[in-house]
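*Asks:* There's a structure below that I have some questions on.
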Amino acid sequence: MLVHGHPFDRSMWAPQQEPLGRSFRVIAPDLRGYGQSPATSGTVTMRQLASDVEALLDDLGVESAAVVGLSMGGLVAMELAIASPDRWWALGLVATTAEPVTEAERRERLAMAEALEREGMQPLADAMGERLFGPGCAQDVVDGIVKMMRANNPQGAAAALRGRAERPDYRLGLAALEIPAFVCAGTHDAWSTEAVTQALIDCLNAPTSLLLPKIGHLPNLESPDVFNRELLRFLQAAAPARA
């Protein structure tokens with residue numbers, strides 16, 4: 001299960017579909033309010049997004065899976081793993097944080113949610129812009145992500161921003177997990193900085209970690225070959241634990 005970040009959609013996992021699909025069944029949904037999934041107005045919490053993923057797996061008859069989430073998708077992955085650790089045989093956390101929302105971040109997210117509902121996706125695309133990418137990111141990747149951000153539903157993005165403004169502290173829940181975990185971040189990530197990533201690593205039980213030099217907030221797109229190789233190696237090693 002691949003869970004995309006904000007404000008993206010399932011197509012951000014395109015470079016992973018075929019390499020991972022050689023060994024595993026890959027499911028990459030559009031979260032509520034993104035891509036082709038309908039939006040909900042108001043506030044959509046990370047728990048609600050996790051419940052949507054759980055319901056999807058139930059509908060598909062999938063009893064056990066690995067979950068990998070990027071940024072906001074990482075928050076959803078944490079919600080899933082902490083709530084039902086027996087369902088998940090591996091946890092991947094990419095460019096994300098386990099720490100609770102700060103008051104400054106809460107205000108910023110609520111203000112941006114209002115701006116999106118007034119003006120559409122452009123304010124968010126402008127605010128994130130080139131901060132997403134490392135210095136060597138290919139221009140076609142940059143252009144594709146900016147296009148993806150602009151195409152998303154501002155109502156859905158605003159609802160998720162309000163949900164992220166209520167983000168809990170995941171650290172104690174993660175510390176109690178015995179699920180194999182994979183943590184990946186880039187050295188040029190403006191949000192998942194070295195300190196944020198180290199705090200995430202510190203609350204996990206012997207995680208596998210991958211730090212990619214000169215990579216920004218989207219390591220699966222900026223360095224897909226290395227990302228795919230290391231994630232696949234981790235998943236293949238963790239898979240026997242299902243037994």
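The values are calculated or read from the model by the stated rules, or taken from the named source; none is laboratory data. The structure presented is a predicted model; accordingly, all values stated were derived computationally and were not measured. Neighbour counts are summed over all protein chains in view; Cβ atoms, including those assigned to glycine, are modelled from backbone coordinates with ideal geometry.
*Asks:* So which residues in the range 20-32 are surrounded by fewer than 17 Cβ atoms within 10 Å (Cβ to Cβ) and in a helix (DSSP H, G or I)?
*Replies:* The answer is G21, and nothing else.
*Asks:* Which number in (1) in a helix (DSSP H, G or I); (2) buried (at least 16 other Cβ atoms within 10 Å of the Cβ) marks the one condition that A199 misses?
*Replies:* The single condition A199 does not satisfy is (2).
*Asks:* A follow-up question, please. Filter the range 222-243 for residues that are surrounded by fewer than 16 Cβ atoms within 10 Å (Cβ to Cβ) and either assigned to a helix (DSSP H, G or I) or at pLDDT 95 or above (or both) and give the result. It would help to see each step written out before you state the result.
*Replies:* We begin by selecting, within the range 222-243, every residue surrounded by fewer than 16 Cβ atoms within 10 Å (Cβ to Cβ); these are 225-226, 229, 233, 236-237, 239-243.
Hits for the range 222-243 are D225, V226, R229, R233, Q236, A237, A239, P240, A241, R242.
*Asks:* While we're looking at this one, here's another question. Scan (1) surrounded by 19 or more Cβ atoms within 10 Å (Cβ to Cβ); (2) in a loop (DSSP other than H, G, I, E, B) for the single condition P135 breaks and write down its number.
*Replies:* The one condition P135 does not meet is (1).
*Asks:* Taking the conditions exactly as written (under 30 Å from L235 (Cβ atoms) and at pLDDT below 95), does G144 satisfy them or not?
*Replies:* Numbers: under 30 Å from L235 (Cβ atoms): yes; at pLDDT below 95: no.
Against the criterion (under 30 Å from L235 (Cβ atoms) and at pLDDT below 95), G144 does not qualify.
*Asks:* Another question, if that's okay. Among the numbered conditions (1) over 20 Å from R109 (Cβ atoms); (2) of a type in the set (S, T, N, Q); (3) surrounded by 18 or more Cβ atoms within 10 Å (Cβ to Cβ), tell me where N205 comes up short.
*Replies:* (3)
*Asks:* Looking at the range 159-175, which of its residues are in contact (Cβ under 8 Å) with a residue 40 or more places away in the chain and under 20 Å from V67 (Cα atoms)?
*Replies:* Kept after step one, since they are in contact (Cβ under 8 Å) with a residue 40 or more places away in the chain, are these residues of the range 159-175: 159-171, 173-174.
Residues satisfying the conditions are A160, R164, R167, P168, D169, Y170, R171, G173, L174.
*Asks:* Next question, about the same structure. How many of the residues making up the range 33-78 are assigned to a helix (DSSP H, G or I) and touching a residue at least 40 places away in the same chain (Cβ under 8 Å)? Reasoning before the result, please.
*Replies:* Within the range 33-78, the first condition is being assigned to a helix (DSSP H, G or I), and the residues that meet it are 46-60, 72-78.
Filter once more, keeping what is touching a residue at least 40 places away in the same chain (Cβ under 8 Å): 46, 48-49, 53, 57, 72-78.
Here the count works out to 12.
*Asks:* Of everything in the range 138-155, what is part of a loop (DSSP other than H, G, I, E, B) and either crowded, with 21+ Cβ neighbours inside 10 Å or polar (S, T, N, Q) (or both)? Give them in sequence order.
*Replies:* Step one: of the range 138-155, the residues part of a loop (DSSP other than H, G, I, E, B) are 138, 152-153.
Within the range 138-155, N152, N153 meet the criteria.
*Asks:* Which residues, counting only those in the range 156-178, are assigned to a helix (DSSP H, G or I) and surrounded by fewer than 17 Cβ atoms within 10 Å (Cβ to Cβ)?
*Replies:* L172, A175
*Asks:* A further question on this structure: Which one of these does T193 not meet: (1) surrounded by 16 or more Cβ atoms within 10 Å (Cβ to Cβ); (2) under 16 Å from the mean Cα position of the chain (by Cα)?
*Replies:* (1)
Residue-wise test of (1) at positive phi; (2) small (G, A, S); (3) under 19 Å from the mean Cα position of the chain (by Cα).
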{"residue": "V62", "(1), (2), (3)": "no, no, no"}
{"residue": "L70", "(1), (2), (3)": "no, no, yes"}
{"residue": "A111", "(1), (2), (3)": "no, yes, no"}
{"residue": "E114", "(1), (2), (3)": "no, no, no"}
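*Asks:* Quick one: in the range 94-106, which of the residues that are in contact (Cβ under 8 Å) with a residue 12 or more places away in the chain and not β-branched (V, I, T) is farthest from G42 (Cα to Cα)? Spell out how you get there, then give the answer.
*Replies:* Initially, the range 94-106 is screened for residues in contact (Cβ under 8 Å) with a residue 12 or more places away in the chain, giving 94-101, 105-106.
Now restrict to residues that are not β-branched (V, I, T): 95, 98-100, 105-106.
On the way: A95: 26, A98: 24, E99: 24, P100: 21, E105: 18, R106: 15 Å.
Among those that are in contact (Cβ under 8 Å) with a residue 12 or more places away in the chain and not β-branched (V, I, T), it is A95.
*Asks:* Out of the range 186-205, which residues are in contact (Cβ under 8 Å) with a residue 24 or more places away in the chain and over 19 Å from G69 (Cβ atoms)?
*Replies:* Those that are in contact (Cβ under 8 Å) with a residue 24 or more places away in the chain and over 19 Å from G69 (Cβ atoms): T187, H188.
*Asks:* From the list L57, L2, which one is surrounded by fewer than 20 Cβ atoms within 10 Å (Cβ to Cβ) and either farther than 22 Å from N205 by Cβ or aromatic (F, W, Y) (or both)?
*Replies:* Values: L2 fails: surrounded by fewer than 20 Cβ atoms within 10 Å (Cβ to Cβ).
Answer to the check: L57.
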